[in-house]
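The next block holds one structure in the form of structure tokens; read it before the comments.
Since every read-out is calculated from the coordinates, none of them should be taken as a lab result. Since this is a predicted model, take the numbers as computed values, not measurements. Using ideal geometry, Cβ is built from the backbone for each residue, glycine included, and neighbour counts are taken over all protein chains shown.
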């Protein structure tokens, strides 16, 4: 099987932790490295979490700390959802290897430059690092095959009424990505809210009875509680792994190739992704937007990765 080489830029985060497992333990993916960005927690916390998840699942790839704030300087942690550590709910082992000594943006450049194939960038947090890479290393843009990001919405938001958290954190970063003219896939709330962690999924996780599955179950139960408290969703959505899943099997989602713009200035709508589903503006399509999920196909690959990580 030909593997898709990727760099995962993330802000762990409960759903990011599961995305790391899927990227590391699916045979269709070659995980070249992990970079971190502030989002679900401040940068030091999410970086520590990335290292701890790697320790739990015996993942050995370069990890580098990236941007601690948005392009315009904003920073806010989603502690109401992810807790004080950004990954509350179960103990995680201490890191087993050190961070790379370079900035996350420079690690992206290093890995892209070294790769014999074009690399896909997967962003599951604010897109700050990816935007900075595109600006700082324009000569490497031709080495990028695809950008897949978890963020945005074609309907409602989860940080403000119309803005999803990752994009709201750094809308200027998304603007850079949208102007890159690279192939882009958006995994927004429309599709991730279909990737629910149901009772049946929890039962399957618990039945594995490994250190990894027990830890993930504890983390996801914390996530379920906060999601229910804040959003009145008793079954929480597992957002971030979908950005990996579409690379493993594109048929896991049904998509529309449409024009997407980012609202930078709206008094009530800053950070909203303007998704022109019906081509009302006549603007050129630029993003493949995922809208429908094959639930069973997604969860089969996700549970298989958790199972393999625990062996």
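Structural remarks
- Across the chain, the relative contact order, built from alpha-carbon pairs under 8 Å that are at least six residues apart, equals 21 percent.
- Cβ crowding within 10 Å averaged over residues, with 148-159, 179-190 ranked highest first: 148-159, 179-190
- Short-range pairs are left out: with C-alpha atoms under 8 Å and at least six residues apart, the relative contact order of the stretch 33-154 is 28 percent.
- Packing-based exposure ordering (other Cβ within 10 Å, fewest first) of 54, 10: 54, 10
- Which labelled figure in [x] 138; [y] 204; [z] 120 is volume of the Cα convex hull per residue in Å³, once derived from the coordinates: [z]
- Relative contact order [Cα under 8 Å, 6+ residues apart], the stretch 186-311, whole percent: 35
- Springs join every pair of Cα atoms under 10 Å in this Gaussian network model of the chain, and among 113, 283, 221 the largest mean-square fluctuation is at 283.
- Ordering of 301-310, 196-205 by burial proxy (mean other Cβ atoms within 10 Å per residue, highest first): 301-310, 196-205
- Gyration tensor (alpha-carbon) shape descriptor, the stretch 26-90, a/c threshold 1.5: oblate
- Classification of the stretch 144-198 by its C-alpha gyration tensor yields an oblate form. The axis ratio a/c (a ≥ b ≥ c) is 1.5 or more, and b/c is at least a/b.
- Alpha-carbon centroids, the stretch 1-46 and the stretch 120-162: separation in whole Å: 14
- Our note on the geometry: Cα centres of the stretch 56-119 and the stretch 258-298, 27 Å apart.
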